[in-house]
There are 2 protein chains.
Amino acid sequence: MNGGNGQYSYTRNSSIQRWGVEASKALIGEAVWEKLDTNFSTLFNIADLGCSVGPNTFIVVENIIESVKLKYPSPDPNSEDIEFQVFFNDLASNDFNTLHRSLPRDREYAASIVPGSFHGRLFPKSSLHFIHSSYTLHWLSKVPKELLDKNSPAWNKGRISYGSAPNEVVQAYSAQFAKDMGSFLNARAQELVHGGLMVLIIPCLPVDTSPSECPLIAVMDQLGDSLMDMARMGLISEAKVDSFNFPKYYPTQHELKTLIERNGYFSIDKTEPLAQSTTHARDLNFQIFISHTRAAWEGVIKMHFGSDIIDGLFDRFMKKVSKFSPLISRHSSKQIAEIFVLLKRKAS
Amino acid sequence: MNGGNGQYSYTRNSSIQRWGVEASKALIGEAVWEKLDTNFSTLFNIADLGCSVGPNTFIVVENIIESVKLKYPSPDPNSEDIEFQVFFNDLASNDFNTLHRSLPRDREYAASIVPGSFHGRLFPKSSLHFIHSSYTLHWLSKVPKELLDKNSPAWNKGRISYGSAPNEVVQAYSAQFAKDMGSFLNARAQELVHGGLMVLIIPCLPVDTSPSECPLIAVMDQLGDSLMDMARMGLISEAKVDSFNFPKYYPTQHELKTLIERNGYFSIDKTEPLAQSTTHARDLNFQIFISHTRAAWEGVIKMHFGSDIIDGLFDRFMKKVSKFSPLISRHSSKQIAEIFVLLKRKAS
C-alpha cells in the first residue's frame, strides 16, 4: 500500500476498505457478545494483521474494544477496568511512521507495532484474545513459481493475472492461496487463546462466476493489456511483462471454507457476505475506483517496472477501463463479495 | 541518537554503552536468580526502554532471557517452554527501521516496537515482568524553562550546559531530573507486575565531585565554548546559542536514591557502580570518544542549529577537547560512574 498522505496514498484512498470496516461493525459486536468465550485477567490483547497505515485499523480496533467493554462491564466501581493492548502488524515495508503519527491521541489502549509477514509466527503462544485481518489474505505471499516457468503449462506469458488465463494458471494461483492460508491459520492457531476469536474479511469470487466474468479480475487483465501495449510500443520489454504477475487471488467462499476445515484448528462460527450499502455503491464512482486501484497496486508495479512508467500506465489503464465502467458497479452480481468470516480457536 | 549505519551512526558508535551492557551482564543474571519473584504462566514480557537501534539492546535482551531460562528450566520434556515477548521502546523519532532490520534472525522471542516517551504510560497495567533501561534517564524530557528566561537567575546565557554555570542553573537541571524520574517511576510502577524487576544503568556524578571537575560535563562546556567561538565569528547568532541547552543531567548516586525512595513504589535491591574494565579503558582512545560524542549529540544540535554547522563545530570541538584528553580517561576518579540500579516493584 502507498504510504504517506499524498494523492495516491492509502490513507486518502481506502474508503472501499473503510466501507467493509463499517459494514462489519455490527457483526463484530455480535460476535464478541455471543461467541467470545475466553479467560483473561484484566488484560485483553488484540492484533490487527495487515493494518496498513490507518485510519481503518483504528476504527476496527475501537469497535472491538467497545464490544468487549460492553460484554464485560466493570462489576463495581472498585474493580479494575480491563486494559487493552493492540498489536498493529504489517510487512516491514509498511509506512509505520504514518501509522504511528495517526494513532488517536485519546486512545484507550497501549499500542505496539509488529513488523513481519503473517504467514509465519508473530506473537507468543496463546497471547492474543482477538485477531482481525481484513482485505489482506487475497494478497499471496509470493507469485506461484510455475507462472514464470516457460516449460510449465501454467506459464503466464503476456498476462499479469488469471482472469483470461488457462485453467493451469488459475490452479497455480489457487494452490498458492491454499498454502498461504495454511501457514496463516497454523501460526494464528498457536497465538490465539482457546475460545479466542478471529475475524477475517476476505474478498471472494461470487458463486457461479468465472474469474473472467468478475469485474475486479477482468480489470487486472486490462492493466496487463495496458502493459502489453507499452511493450509493443517499445516502452518496456515484453520479457519484463512476462515476468510480472499480480500476487492476488480471490478464492470462492466454498474454497475458503474447505481450507479452514482442512486446517482443523478453528470452528467456523459464521461466514457471510457483508451487506452492500446503496449509499456506498452510489459513492463508488469511476474516479474513486481508479485512485483506489492505484493506491493498492502501485507499490508492486513500481518494484518490478520502476517509477517512470506509472503515470503513463495508469493513463492507458484508465482509458481501457472506462469501457468497463458499468461493470465496476457493486450492484453487479458478478462483483467480488466481501466475506465476513468468524473463527473460534478450538480447545486442542 | 544517529540512525542508519554511517560513520557517525549509533550502530557504529556505541561501544561505550556496549561496555556497560557487558559489565552489567553478571549483575542481571544474579538479579534474576536471587530477586525475581513474580507469577507468570508461560509468557514472560520484557521491555527495553530507550533501546535505540541495536545491537546493544539485543545483547541485553538475550542476557535477560538466558537468565530467566536458567532460573525456570522446563521441569520435564512435556511441559511448555516459557515464551518471551520483548517490547523495544524509544522516542518516535528513533530509527526503528534499522532496529527492525537488525533483529537477530534466530531470536527466541516475539518482538514488538513501542514508540513513545517513557515519561508517560506505554504499556498496560501489570503487563511487564522485567524492565531494562540503560544510558537513557540522564536525558531530560525537556530543557528546564528557567534556563531560557532572561529574568531568571538560572538564565544560562553563553552556555549550553551546567559545568561552569551558577548554582541556580544546576538547581534547575536537578529539579527537571527529579520531575522526570518521578513521571518515569510512576508509569513503570503501573506497568511492572508485583515482584517484577527493573534494571537501570544511569551515569552519575561521582562522590565529592563538582560538575565542573567531571570531564564529561566539562567537555559539554567545551562544546558550548566552540559554539560561542562560532557566534563571535558571525557563523551563528549568539541568541541561537543562548536558546540552546543540552537536556542532559548527571545526578549523584545519593540524589538518585532519594528520588526513588521518595517515589515509594520500588524497593532498591542494589545500587552499585559498574566495575571498570582495564581493557575497556585502554580501548577508549580520543578518536572513539569524539565519534561517540558526535553519534549521541549530533541529533539535538542539528535540530537547533541546522546541519550546516556540524562539521565545523566538531572540528573546533575536537581541537579544544584534545587538551582535555587525559581527563577523558576512565581511570579518573572524577569521571562519570555508571550506576547499576536494581529495583523491585513492591506489593501495593
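The values are calculated or read from the model by the stated rules, or taken from the named source; none is laboratory data. Just so it is clear, the model here is predicted, and its values are computed rather than measured. Cβ sites come from the backbone with ideal geometry, for glycine too, and all protein chains shown count toward neighbours. Each accessible area value is taken on the protein alone, full model and side chains, heavy atoms only, with ligands, DNA and RNA left out. Shrake-Rupley method; radii C 1.70, N 1.55, O 1.52, S 1.80 Å.
Consider B:Gln190 against the criteria (1) open to solvent by 20 Å² or more (accessible area, probe 1.4 Å); (2) touching a helix residue (DSSP H, G or I) at 6+ places or on another chain (Cβ under 9 Å); (3) in a helix (DSSP H, G or I): it satisfies all of them except one. Which criterion is unmet? Of everything listed in (1) open to solvent by 20 Å² or more (accessible area, probe 1.4 Å); (2) touching a helix residue (DSSP H, G or I) at 6+ places or on another chain (Cβ under 9 Å); (3) in a helix (DSSP H, G or I), B:Gln190 misses just condition (2). When residues in the range A:110-142 are screened for being of a type outside the set (Gly, Ala, Ser) and facing chain B (nearest Cβ under 8 Å), 8 of them pass. Considering only residues in the range B:95-114 that are touching a Gly at 6+ places or on another chain (Cβ under 6 Å) and surrounded by fewer than 20 Cβ atoms within 10 Å (Cβ to Cβ), the one that is farthest from A:Leu99 (Cα to Cα) turns out to be B:Ser102.
From the list B:Ser141, B:Ser134, the one residue that fits, being within 30 Å of B:Leu197 (Cβ to Cβ), among the polar types (S, T, N, Q) and at pLDDT 95 or above, is B:Ser141. Taking the listed residues B:Arg159, B:Arg121, the one that is open to solvent by 20 Å² or more (accessible area, probe 1.4 Å), out of contact with any Ser or Thr (no Cβ under 9 Å at 6 or more places or on another chain) and modelled with pLDDT of 95 or more is B:Arg121, with no other qualifying. The set of residues in the range B:1-28 being basic (Lys, Arg) and either at pLDDT 75 or above or more than 22 Å from B:Pro203 (Cβ to Cβ) (or both) consists of B:Lys25 alone. For the structure I just gave you, tell me whether A:Glu272 is part of a helix (DSSP H, G or I), among the acidic types (Asp, Glu) and surrounded by fewer than 22 Cβ atoms within 10 Å (Cβ to Cβ). Considered against the rule, which asks whether it is part of a helix (DSSP H, G or I), among the acidic types (Asp, Glu) and surrounded by fewer than 22 Cβ atoms within 10 Å (Cβ to Cβ), A:Glu272 comes out as no.
Put simply, of B:Phe123, B:Phe184 the only residue that is of a type in the set (Phe, Trp, Tyr) and touching a Leu at 6+ places or on another chain (Cβ under 7 Å) is B:Phe184.
Taking the stated definitions as given, is A:Thr209 of a type in the set (Ser, Thr, Tyr) and open to solvent by 30 Å² or more (accessible area, probe 1.4 Å)? Here the answer is no, as A:Thr209 does not meet what is asked. Here B:Pro75 passes the criteria (1) farther than 24 Å from B:Leu192 by Cα; (2) modelled with pLDDT of 70 or more except the one numbered (2). Is it fair to say B:Ala31 is out of contact with any strand residue (DSSP E or B) (no Cβ under 9 Å at 6 or more places or on another chain), at pLDDT 80 or above and more than 12 Å from chain A (Cβ to nearest Cβ)? Answer is no for this residue. Report yes if some residue within the range A:167-175 is closer than 30 Å to A:Lys344 by Cα, in contact with a His (Cβ under 9 Å, 6 or more places away or on another chain) and surrounded by fewer than 20 Cβ atoms within 10 Å (Cβ to Cβ); otherwise report no. No: the range A:167-175 contains no residue that is closer than 30 Å to A:Lys344 by Cα, in contact with a His (Cβ under 9 Å, 6 or more places away or on another chain) and surrounded by fewer than 20 Cβ atoms within 10 Å (Cβ to Cβ). Looking across the range B:214-263, the residues that are assigned to a loop (DSSP other than H, G, I, E, B) and open to solvent by 30 Å² or more (accessible area, probe 1.4 Å) come down to B:Met233, B:Gly234, B:Leu235, B:Ser237, B:Ser243. A Cβ distance below 7 Å, combined with a sequence gap of six or more or placement on separate chains, defines the contacts here; from the range B:82-102, residues that are of a type in the set (Val, Ile, Thr) reach residues that are part of a helix (DSSP H, G or I) in the pairs B:Ile82/B:Val68; B:Ile82/B:Lys69; B:Val86/B:Val61. Provide a single number: the residues in the range A:142-184 that are among the small types (Gly, Ala, Ser) and in a loop (DSSP other than H, G, I, E, B). Total meeting the criteria: 7.
Yes/no per residue for (1) open to solvent by 30 Å² or more (accessible area, probe 1.4 Å); (2) more than 12 Å from chain B (Cβ to nearest Cβ):
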position: A:Leu43; (1), (2): yes, no
position: A:Pro55; (1), (2): yes, yes
position: A:Val60; (1), (2): no, yes
position: A:Asn63; (1), (2): no, yes
position: A:Ser67; (1), (2): no, yes
position: A:Glu80; (1), (2): yes, no
position: A:Phe84; (1), (2): no, no
position: A:Phe87; (1), (2): no, no
position: A:Ser93; (1), (2): yes, no
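Does B:Glu168 satisfy being among the acidic types (Asp, Glu) and closer than 17 Å to B:Pro211 by Cβ? The answer is yes for B:Glu168. Scan A:Ser112, A:Ser102, A:Ser134 and give me the residue that is under 17 Å from B:Asn45 (Cβ atoms) and among the small types (Gly, Ala, Ser). Just a single option satisfies the conditions, and that option is A:Ser112.
Annotation note: Cβ proximity below 7 Å between a residue of the range A:324-348 that is over 10 Å from A:Pro206 (Cα atoms) and among the charged types (D, E, K, R) and a residue that is at pLDDT 90 or above and open to solvent by 70 Å² or more (accessible area, probe 1.4 Å) (sequence gap 6+ or interchain) occurs for A:Arg345/A:His194; A:Arg345/A:Tyr265; A:Lys346/A:Tyr265.
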